[in-house]
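Just so you know, all these numbers are worked out from the coordinates, no wet-lab data involved. Everything numeric in this text was worked out from a predicted model, so none of it was measured. Methodologically, a virtual Cβ is constructed for each residue, glycine included, from the backbone with ideal geometry; neighbour enumeration extends over all protein chains shown.
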Amino acid sequence: MNTLARIAVSALFFACSAAHAASNPRIEVSFAAAAHAAPITGRVYVAISRNNDAPPIEQVDKAEVPLFALFGHDVDALKPDAGATISADDFGAPIDSLQNLPAGDYWMQPFVNVYTRFQRADGHTLWLHNDQWEGQDWKHSPGNLYGEAVKVHFDPASNTPIRLVADKAIAPIAFPQDTQYVKRFRIKSRLLSDWWGQPIYLGATVLLPKDYDKHPQTFYPVVYEQGHFDTDAPIRFDDPKSKSRDYWLADGTLRVIIVTLQHPSPYYDDSYAVNSPNEGPYDDAIQQELLPQVETRFRIIRQPWARLLTGGSTGGWIAVAQQVFHPQFYGGSFALCPDALDFRHHQVVNLYDDANAYWLDKGFLRVDRVDVRRPDGNVDEMMKDENWYELAVGDHSRSGGQWDVWEAAFGPIGADGYPQRIWDKRSGAIDHDVAAYWKAHFDIRNLLETNWATLGPQLADKLHIYVGDADTYNLNMGVHALDDFLKHAQSPAFAGSITFQPMAPHCWGPRGKELVELMDAQLRKHAPADADVASWHY
């Protein structure tokens, strides 16, 4: 290439670079005083979609990345009618920057997620979304703000900002009404409120057995069904077309009380029922405040053999962990598709040995790691995709998402008071010091293997775990790792059960009549010789 050609190429390169630097796509989001009169600390978003079949904010979902783009920006004491600028520097998903959003016509919708100031007992001041009894669902949380979607033309080369206004507030959620069989209550937790410096609430939804009111002298076993925040009745009892409802009211059904617990934290719809540096004493609050209320308000046999656990996925992990953490309080756990029971299989990531959660480095080839799969081998989502979506929703583990809550529930606290990252949210690089904390405190397989001499005699026949061997999130591998230990456990030998179903996805396991009969057998097995097991078999 001659000198003149080199000069021409250089000039073209610098001209393109200058044009790129000069472009400054911006979207300004403000909120109306009529919707929220006070300044807001929180996060503003713009949800962008090619269609308005549903409001763009409703299309925002980690599993639907081809249909939307989401960009967010933190705000501090933003006043009504003052614009907050989302620029090319703000991280988005699945497109990382407004600079890379193709020019075109889009539907855009503004949204404001309102944070609350928590002055915690540990001395840290944090800003997080305070649950409004919606289960940390920021898109539907009462008090959060939104505007109607508008159709706009976007050009990443334009320096003219697009201005959007959130002028509506999401209305409060009415507390569900009791019925003959379904009762609900909510209490303010003293332990958690003192720790968080804000009122924190716990709740329970209770399904009573048929003819509960006709047997006033009868006390019943209780099944604590663990899982995500939900105030609907257990076993879909409120649905008149539910087969489970028909079974519940049929003759010959085991008469027990089923209870679902509500314990949303400022990080997620469910606290994972643990005591942790980031979430506070949720386990203590549930055990010392919520469960005594349940067992006082309703006629429950308050003995370990008559308390059973069940749940799936998040609830599956809690059902196992609660049995392990409180082996003498519960009489058996029937856990379906539990979250990682061994952090060498945190889905597909080995937290202790792997270098990166998003990619496998094979020299000249870097392979994406799978997050969501189908039994036929097809892949719906990669690890980086869900994590980057969470990062677009909120930094400092504030997305209300699955990966972020594991950091809050299982991990140590950072110097700034927010959870220490298990891996860098952008790059996926794993912090093995944080992983060591997870292992010591919440790796169920490690806890059982390390403490089997003590725990084994208390729960050897109380753990029953079920998982599909084509679990959508690869959760079967953590169950296999636990199974490998339990097969060889001695003094005592493991007397529970672990069941794998070939080709079954998330969340396979016994339900309905099959599960009830398994629980009935467990109750009869552990009931003391002088226990009344007849009055609640009617």
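Summary table below
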quantity: Note, ³J(HN,Hα) from phi for region 255-261, Karplus 6.51, -1.76, 1.60, rounded to Hz, x at Gly and Pro; calculated: 8, 10, 9, 10, 10, 9, 10
quantity: Phi to ³J(HN,Hα) by Karplus 6.51 cos²θ - 1.76 cosθ + 1.60 over region 264-279, Hz, x for Gly, Pro; calculated: x, 10, x, 10, 6, 6, 8, 7, 6, 6, 10, 8, 9, x, 8, 9
quantity: Amide H contacts under 5 Å for Asn356, placed H, 5+ residues apart; calculated: Ile430
quantity: Helix-only [θ]222 nm of the chain, DSSP H runs n ≥ 4, -39500 (n - 2.57) each, per residue, nearest 500; calculated: -7000 deg cm²/dmol
quantity: Two-decimal log10 I(q)/I(0) for region 229-305, as the Debye equation yields it once each C-alpha is a single scatterer, q = 0.17, 0.19, 0.22 Å⁻¹; calculated: -0.84, -0.96, -1.08
quantity: Inter-probe distance in nm under a simple model that places probes 7 Å from Cα toward Cβ, at Ile173 and Ser497; calculated: 3.5
quantity: Ranked Phe364, Phe494, Phe185, Phe334, criterion: other C-beta atoms within 10 Å, fewest first; calculated: Phe364, Phe185, Phe494, Phe334
quantity: Fewest-first sequence of Asp232, Asp270 by Cβ atoms within 10 Å of each Cβ; calculated: Asp232, Asp270
quantity: Residues Lys525 and Lys214, FRET efficiency given R0 of 25 Å [Cβ-Cβ distance, rounded to 0.05]; calculated: 0.35
quantity: Separation of alpha-carbon centers, region 213-245 and region 376-420, rounded to whole Å; calculated: 32
quantity: Rounded to whole Hz, the Karplus (6.51, -1.76, 1.60) HN-Hα couplings of region 120-134, x for glycine and proline; calculated: 7, 5, 7, x, 8, 10, 10, 10, 9, 6, 8, 4, 10, 6, 10
quantity: Compactness of region 348-441 as Cα Rg over 2.2 N^0.38 Å, two decimals; calculated: 1.11
quantity: Distant-in-sequence amide H partners of Thr116 (H built 1.01 Å from N, under 5 Å); calculated: Leu128, His129, Asn130
quantity: Separation of alpha-carbon centers, region 271-297 and region 75-92, rounded to whole Å; calculated: 37
quantity: Approximate shape of region 148-211 as ellipsoid semi-axes (Cα gyration tensor, √5λ), whole Å, largest first; calculated: 45, 21, 10
quantity: Reachable lysines from Lys79, criterion Cα separation under 16 angstrom, eight or more residues apart if same chain; calculated: Lys168
quantity: Using alpha carbons only: equivalent-ellipsoid semi-axes of the chain, gyration tensor based, whole Å; calculated: 46, 28, 21
quantity: Exposure proxy order (Cβ contacts within 10 Å, fewest to most) of Tyr181, Tyr358; calculated: Tyr181, Tyr358
quantity: Nearby aspartates and glutamates by direct alpha-carbon distance to Lys525 (threshold 13 angstrom, same-chain neighbours under 8 apart not counted); calculated: Asp461, Glu517
